[in-house]
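Peer 1: Here it is, the structure, as structure tokens.
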Amino acid sequence: MPLARIFLILLAVLAALPALGAREAQAQRIQWYVEVIEDPLATRPILEARILTRDGYRFKLMRMKDNSIWGQFSLPRSSQAQLTPDHLPTYRIDENDPIDLEELKALEVSSEPTLYRVGGRDVQFIIWGDAREGFIPPVLRQMMLGETIHVTYFTLLGERQTAELTLNRANQAIAQFLRVRALNPEKDSVEDQTESFSLIARRFSELCDDLRFSGTETDYTACRNTFYTCSEAPEQTADSFKECLGFDPTMLEPRDPAATEEAEKKTQ
């Protein structure tokens, strides 16, 4: 190969290196961060954990005044699409079980939604009812140890779309947001705690639904009220959640409605 051609090839490679480095630097900047929200009435700064992707998708975590944790997923500001309240999004952390926000509708006790809000390109939704300081809700634990949030959303025009949001540095940002230590991916696990909570909640909710058809309306109402009360109790662990419900997820028989009502009285 002539020396002149080799020289030209080397020049081309050298010219491409800055652009490659710029792309890598840009990818590293796409990461979770903490935003400090000014509130003159707050006793200390309000923190939000956020991510803005290269495609313009946004996701953020917020702590409300009642100590509940909410999430917000937003479409790119350049998008003409709008989210529909008729079919709420589903999101999944890596290969974990998907979280269908449509299930929040079944938990509503009033005609107006209180567990989610849809407006234009944004959807806000509750993640955990009462997150005491120092506690990491199971889904946030997944995010801290995960790599990607996979979102499936639906528009007013009936379109089904997907989005992916990196969890780069989510561990550090969410830890700062929750005011806890960052997790150690080599030592900390997400499986036991998350699977226990989700399994108990899912099985008990299914059994309550069974009472709607096999029991009376009173049985069903008492069962659901117990579920709401126990799920919102502060300092809840998987074991205390199971004890509050009086329910073992490995059992397939619904609990006695009378016991359900008695458990509800104890939690009041």
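Peer 1: Of all residues in region 216-229, how many are open to solvent by 30 Å² or more (accessible area, probe 1.4 Å), touching a residue at least 24 places away in the same chain (Cβ under 8 Å) and not β-branched (Val, Ile, Thr)?
Peer 2: Selection size over region 216-229: 3.
Peer 1: Could you identify the single residue in Thr90, Thr114 that is modelled with pLDDT under 95, under 17 Å from the mean Cα position of the chain (by Cα) and among the polar types (S, T, N, Q)? Show your work before the answer.
Peer 2: Details: Thr90 fails: modelled with pLDDT under 95.
Checking each option against the conditions leaves just Thr114.
Peer 1: Quick check: is even one residue across region 42-58 at pLDDT below 95 and surrounded by fewer than 10 Cβ atoms within 10 Å (Cβ to Cβ)?
Peer 2: yes
Peer 1: Which residues, counting only those in region 65-104, are open to solvent by 40 Å² or more (accessible area, probe 1.4 Å), of a type in the set (S, T, N, Q) and closer than 21 Å to Met143 by Cβ?
Peer 2: Asn67, Asn96, listed by residue number.
Peer 1: Looking at region 105-140, which of its residues are in a helix (DSSP H, G or I) and open to solvent by 40 Å² or more (accessible area, probe 1.4 Å)? Working first, answer last.
Peer 2: Kept after step one, since they are in a helix (DSSP H, G or I), are these residues of region 105-140: 105-107, 138-140.
Hits for region 105-140 are Lys105, Ala106, Leu107.
Peer 1: Restrict the check to region 196-213 and report whether at least one residue is at pLDDT below 80 and not in a helix (DSSP H, G or I).
Peer 2: No, region 196-213 has no match at all.
Peer 1: Also, I was wondering about something else. Need the failing condition index for Glu264 against (1) modelled with pLDDT of 65 or more; (2) farther than 24 Å from Glu133 by Cβ; (3) open to solvent by less than 50 Å² (accessible area, probe 1.4 Å); (4) out of contact with any Leu (no Cβ under 6 Å at 6 or more places or on another chain), just the number.
Peer 2: Failing condition for Glu264: (1).
The values are calculated or read from the model by the stated rules, or taken from the named source; none is laboratory data. Fair warning: this is a prediction, and the values are worked out from it, not measured in the lab. Quick reminder, even Gly has a Cβ in these numbers, built from the backbone with ideal geometry, and neighbours come from all protein chains shown. Side chains included, ligands, DNA and RNA excluded: accessible areas come from the protein's heavy atoms. Shrake-Rupley method; radii C 1.70, N 1.55, O 1.52, S 1.80 Å.
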